[in-house]
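Below: one structure, written as structure tokens.
The values are calculated or read from the model by the stated rules, or taken from the named source; none is laboratory data. All values derive from a computational prediction rather than experimental measurement. FYI the Cβ positions are ideal-geometry reconstructions off the backbone, even for glycines, and counts take in every protein chain you see. Remember, those area values only see protein heavy atoms, side chains included, never the ligands or the DNA or RNA. Shrake-Rupley method; radii C 1.70, N 1.55, O 1.52, S 1.80 Å.
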Amino acid sequence: MTPLLELENLEVVYHHVATAIQGVSLRVPPGAIVALLGTNGAGKTTTLRAISGFLGADDAQIVGGRVVFQGATVTGRPPHELARRGLVLVPERDKVFETLTVQENLRALVPGSLTDRGATRPPVTLEQVFHYFPVLAGRCRQLAGYLSGGERQMLALATALLCRPRVLLVDELSLGLAPLVVERLMTLVARLRDELGLAVLLVEQNAGAALAVASYGYIMEHGRIVYDGPAERLLAHGDVREFYLGVGHRAGRKSYTEVKQYQRRRRWF
Ligand code: ATP
């Protein structure tokens, strides 16, 4: 199937010198949830920022490869243009304006350019948003700063939804949340895929939660993709289970790469 979003050998450097990701290639087919997994500092957030055009604020730039969206090269295009095309980021941090109410957040983050133009996609209404996130309807007048962690994630997803995404780029949905809340959020993401036909690139440290809803996964370490495959293959893969899911007698090793090196050394002796 022709991918909706494709990265080809993407390379990003910070401050003109520090390479953060290198040779990163991945594909997101239409209507699929794809997981990008990895530990702290692996390069996941950098990858999402590179796709969505948000590198500039951190003095970072794409120095190699390309981002292809719906067949067009969009490498390094500005965030507002990418959002208008349907590539919408739900960031890891600063997801909501804490001093604004829920309602103000929902209005503030949807610039006119996103609602007026791009008429090829039907608008997403507030009613639709409240259908998926009923808890927000009851909290419209409350300051976003008083929302729980899970509710903040919902508000961030709701705001992104109003931008009429074709692909949602979601950074660490599970961060700091209780397992039950994470499960609810992942179920919601799966509903958005099923009922609105959205594709989702889900960046997660919580591999178990992400692979429960994703159909395909990529594992990233030190700025490179080190392994990829269908979700069920990743879930069944001994090394992935050992390091990313914490299952197995050698669980707790430092990285997938380290597990592979350990196995190679054992074969030599
Ligand atoms: P985390 O989950 O902790 O955000 P990550 O997998 O998303 O981890 P990135 O945040 O993309 O990883 O970081 C990738 C590399 O880029 C790391 O080596 C990190 O130190 C570096 N990096 C990230 N942000 C900056 C920045 N603003 N300036 C310089 N280097 C940065």
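Taking the criterion of being open to solvent by less than 40 Å² (accessible area, probe 1.4 Å) and more than 16 Å from Ala20 (Cα to Cα), the residues of the stretch 53-74 that qualify are Val67, Val68, Phe69, Ala72, Val74. Checking each residue in the stretch 147-159 for being assigned to a helix (DSSP H, G or I) and open to solvent by 20 Å² or more (accessible area, probe 1.4 Å) picks out Gly149, Glu151, Arg152, Met154. Restricting attention to the stretch 193-210, the residues that are assigned to a helix (DSSP H, G or I), under 14 Å from the mean Cα position of the chain (by Cα) and within 24 Å of Phe69 (Cα to Cα) add up to 2. When Leu180, Leu175, Leu147 are screened for being under 30 Å from Glu8 (Cβ atoms) and modelled with pLDDT under 95, only Leu175 passes. When restricted to residues that are assigned to a strand (DSSP E or B), surrounded by fewer than 17 Cβ atoms within 10 Å (Cβ to Cβ) and modelled with pLDDT of 95 or more, the stretch 212-249 contains 3.
Of everything in the stretch 132-146 that is among the aliphatic types (A, V, I, L, M) and farther than 20 Å from Leu168 by Cβ, the residue that is surrounded by the fewest Cβ atoms within 10 Å (Cβ to Cβ) is Ala137.
Every condition in (1) open to solvent by 40 Å² or more (accessible area, probe 1.4 Å); (2) of a type outside the set (Val, Ile, Thr); (3) within 12 Å of the ligand (Cβ to nearest atom) holds for Ala42 except the one numbered (1).
As a summary of the residue check, Leu48 satisfies the conditions (1) crowded, with 16+ Cβ neighbours inside 10 Å; (2) touching a residue at least 60 places away in the same chain (Cβ under 8 Å); (3) away from the ligand (no atom under 12 Å from the Cβ) except for the one numbered (3).
When His237 is tested against (1) in contact (Cβ under 8 Å) with a residue 40 or more places away in the chain; (2) within 22 Å of Ser25 (Cβ to Cβ), exactly one condition is not met: (1).
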